[in-house]
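Readers should treat all values here as calculations from the given coordinates under stated rules, not as data from a laboratory. Everything quoted here is computed from the prediction, not taken from an experiment. We place every Cβ from the backbone using ideal geometry, glycine too, and count neighbours over all the protein chains shown.
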Amino acid sequence: MSLVDKAKNAAEKAVGQIKERVGGASGDESLQAEGKTDQAKGSVKQAGENVKDAFKP
């Protein structure tokens with residue numbers, strides 16, 4: 001996994017956490033759900049990169 005990919009995935013998860021917290025604090029369920037989705041996307045992408053790394057020689 002390249003450092004760029006790691007940074008992008010971590011940033012996506014961080015943005016998701018912020019959206020989720022802001023949505024929860026403001027009562028915006030849509031923003032909160034979007035934040036959870038962003039976090040999940042970042043986690044899935046990171047897992048995919050880890051699988052690719054496992055098969056590198």
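Restricting to region 38-57, name every residue that is without any contact (Cβ under 8 Å) to a residue 40 or more places away in the chain, over 8 Å from the mean Cα position of the chain (by Cα) and loosely packed, with under 13 Cβ neighbours inside 10 Å.
As a first pass, look at region 38-57 and keep what is without any contact (Cβ under 8 Å) to a residue 40 or more places away in the chain: 38-44, 47-48, 51, 54-57.
Checking which are over 8 Å from the mean Cα position of the chain (by Cα) leaves us with 47-48, 51, 54-57.
Across region 38-57, the qualifying residues are 47, 51, 54, 55, 56, 57.
Please specify each residue of region 21-37 satisfying the condition of being exposed (fewer than 10 other Cβ atoms within 10 Å of the Cβ) and assigned to a helix (DSSP H, G or I).
Filtering region 21-37 down to residues exposed (fewer than 10 other Cβ atoms within 10 Å of the Cβ) leaves 27, 30.
Hit for region 21-37 is 30, nothing else.
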